[in-house]
């Protein structure tokens, strides 16, 4: 009697768990497409950290790349004048940082700036641009950095700054800077004459900071304290460096991608992916029966998880190559399920009960799943670090998809199979053709 009660209790818990997971899957899936609205006010305001979406402009929460949203694509070659000191590679890295900061400050946080042609050029991609010429003027124009004495007179400009970077000294965040040989002489004289007074730093006519001179800086390098946080130190360092761009940028190529082309590409790609996913689900159900339903369910959870993390993880833009990475990740997830179900079916045909076959199937398939996914992760990391542009976009979504597919196969699929078995689906014929008598 007690044993029967335990069985009924276990069956009830499994059914309840499946119902809750199904409700969550449907709820999150519908919200992901249509958004979560309550009248005109929008209940999303109660959850400000979640992305906002709606059916008319989905996927608003995703950062779309240039090929999907439209925008400006420009390439520059860089040259270092003879009268500027410093390593070209370091100056190039500073230039990339400065352009990125400048675009972010002007309202283009999704822009991508990277070195090309073995570090001799720069490529800038900015999605969703209404005025391309204004953007080109913003990138190409040099920032005007000036140092002014307590009376407001300029005594040094950005060309005298060699480097500026955040640092941590004596328990606080500071900005450490180095000057050119000419700048070091001027700065030494000015700081020696204004100890205890403030020297202001201006960028494009706006005051950045006005530190108080504590001692004469005679070595050509010094620090600016009082930053308060690492973020502020990083921002001030980048802004100071922006006025020290010694490289001459020459525009080599400019392309504009229309938003209409991006919308068409997105809708076509999504439609093709959805057709492929539905066909895969039907094939899985036909081949593996109840386990095919489990695989399709786990695949839906996988897709929802991928797009959720695309929406909340900064630095990942959805591009056409990125969509290819997602589809490949779906293939990896399906492949993992196929390995599990084949091992599971082998155990059933060998005469094991369904519950024992689940345990053995996962145990036998685990090493193959991990090996396959780890090799793909290694390939994705190589593409991410050594690729450029669209290759990196593909690598990011591929890595995200593979990691989530491993979690889906190892945890979600196993949970679903155990729940179905616990709910009473113990007939081997629900999973595959089994010779001999029906097993309990």
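Couple of notes before you dig in:
- Annotation note: of 139, 99, 116, the sole residue that is surrounded by fewer than 18 Cβ atoms within 10 Å (Cβ to Cβ), closer than 30 Å to residue 254 by Cβ and under 32 Å from the mean Cα position of the chain (by Cα) is 116.
Yes/no per residue for (1) under 29 Å from residue 65 (Cα atoms); (2) more than 28 Å from the chain's Cα centre (by Cα):
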{"position": "365", "(1), (2)": "no, yes"}
{"position": "391", "(1), (2)": "yes, no"}
{"position": "395", "(1), (2)": "yes, no"}
{"position": "402", "(1), (2)": "yes, no"}
{"position": "406", "(1), (2)": "yes, no"}
{"position": "409", "(1), (2)": "no, no"}
{"position": "412", "(1), (2)": "no, no"}
{"position": "427", "(1), (2)": "no, yes"}
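- Checklist (1) modelled with pLDDT of 85 or more; (2) within 29 Å of the chain's Cα centre (by Cα); (3) surrounded by 18 or more Cβ atoms within 10 Å (Cβ to Cβ) applied to residue 371, failing item: (3)
- Residue within segment 135-146 that is in contact with a strand residue (DSSP E or B) (Cβ under 6 Å, 6 or more places away or on another chain) and part of a strand (DSSP E or B) present: yes
- When we screen 357, 295, 336 for residues that are at pLDDT 85 or above, touching a helix residue (DSSP H, G or I) at 6+ places or on another chain (Cβ under 8 Å), closer than 26 Å to residue 391 by Cβ and buried (at least 22 other Cβ atoms within 10 Å of the Cβ), the only hit is 336.
- Segment 89-110, residues that are without any contact (Cβ under 8 Å) to a residue 60 or more places away in the chain, out of contact with any helix residue (DSSP H, G or I) (no Cβ under 8 Å at 6 or more places or on another chain) and either in a helix (DSSP H, G or I) or not assigned by TED's automatic domain parsing to the domain that holds residue 127 (or both): 89, 93, 96, 100, 104, 105
- Count of residues meeting criterion [buried (at least 19 other Cβ atoms within 10 Å of the Cβ) and not in a helix (DSSP H, G or I)] in segment 306-333: 4
- Residue list for segment 144-165, restricted to those being within 23 Å of residue 101 (Cβ to Cβ), at pLDDT 85 or above and touching a helix residue (DSSP H, G or I) at 6+ places or on another chain (Cβ under 9 Å): 147, 156
- Annotation: of all residues in segment 119-134 being within 17 Å of residue 387 (Cβ to Cβ) and part of a strand (DSSP E or B), the one that is nearest to the chain's Cα centre (by Cα) is 125.
- Only one of the numbered conditions (1) at pLDDT below 85; (2) in contact with a helix residue (DSSP H, G or I) (Cβ under 8 Å, 6 or more places away or on another chain); (3) outside any loop (DSSP other than H, G, I, E, B) is violated by residue 187, and that is (1).
The values are calculated or read from the model by the stated rules, or taken from the named source; none is laboratory data. The structure presented is a predicted model; accordingly, all values stated were derived computationally and were not measured. Neighbour counts run over all protein chains shown; Cβ positions are idealised from the backbone, glycine included.
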